[in-house]
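Please treat every number below as a calculation from the coordinates, not as lab data. Since the model is a prediction, treat every value here as computed from it, not as a measurement. Here the Cβ is made from the backbone with ideal geometry for all residues, glycine too, and neighbour counts use every protein chain on show.
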Amino acid sequence: MNARSRLAVWLFTALAVVVILAVALAPTVLSWRLRMAVARSFAGSPQVSVQVNAPPWAIVTGALDRLNLDVRRAIAGRLTIEQLSLRLEDVKVDPGRLLRGDASAITRVGRGEGEVTLAQEDVQAFLASAKGVRRAVLRLDAGVITIEGDVRLGAVDLRVRMEGRLVVASPTTVDLYVQTLTVSGVQIPREIGSVLVSSLNPLIALEGMPVAMRIESVAVEGGQVRLSVRIGETS
């Protein structure tokens, strides 16, 4: 084999190694950088897991076929999230932002769906910090939310016990719909109760998420609030 042939073999082998490494490492590199970018979308120190399905050249083009995100114990805005699980398709990321680990690395999502889970104690803490609920206990069970304790309604602190259900009020907010309300031991008609507790709404507001999403439905069960969300270009 002459020198030219040996050089050709060497170049072919080197190219093959580069291609194999690119194919093998691209998903790992993308997952690693996306994990950093998603983590920076939230306050605190969330646990982030990322799974990427994309061709090797996605590092350059930023086009991902599928992206699965799982985030635990994250703080979005003022709300603590127990778990966020998203399944996204036709995702576009900005390669430059991705390499820097910027929170805004994900620029477009063709379609997707997922679930946001909120723990009972975190909803109570959010309610207390944002809505003026003091020394109150919140319970979530069998589709019903119960709040009992001192609540500031307008400019007055009252001892209340209310039961209600959660309803989707907007693409990113959930309101409390009052079913029964007792103030200082006196039963208040539901219509008046709804007016009195209007200052508590929205009870839940999703903000500071890594991608724009809209709430499709809300369920209360087992001491948790579960929000089913959908993601897309129109969200």
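Enclosing the Cα atoms of the range 81-189 in their convex hull gives a volume equal to 147 cubic angstrom per residue. Only Lys, Arg, Asp and Glu carry charge here, each on its Cβ (+1 for the first two, -1 for the last two); on that basis the range 129-229 has a dipole of about 180 debye about its Cα centre.
Rounded, prolate or oblate, given the Cα gyration tensor of the range 149-235, with a/c below 1.5 counting as rounded?
Numbers: a/c = 2.70, a/b = 2.26, b/c = 1.20.
Since a/c reaches 1.5 and a/b is larger than b/c, the shape of the range 149-235 is classed as prolate.
Using C-alpha pairs under 8 Å with a sequence gap of at least 6, the mean separation divided by the residue count of the range 134-224 gives a relative contact order of 30 percent. Here the dipole of the range 74-167 is about 320 debye; that uses its Cα centre as origin and unit charges on the Cβ of Lys and Arg (positive) and Asp and Glu (negative). A dipole drawn for the range 22-172 from +1 and -1 charges on Cβ atoms has a positive end, and of Gly77, Val38, Gly112 the residue lying farthest that way is Gly77.
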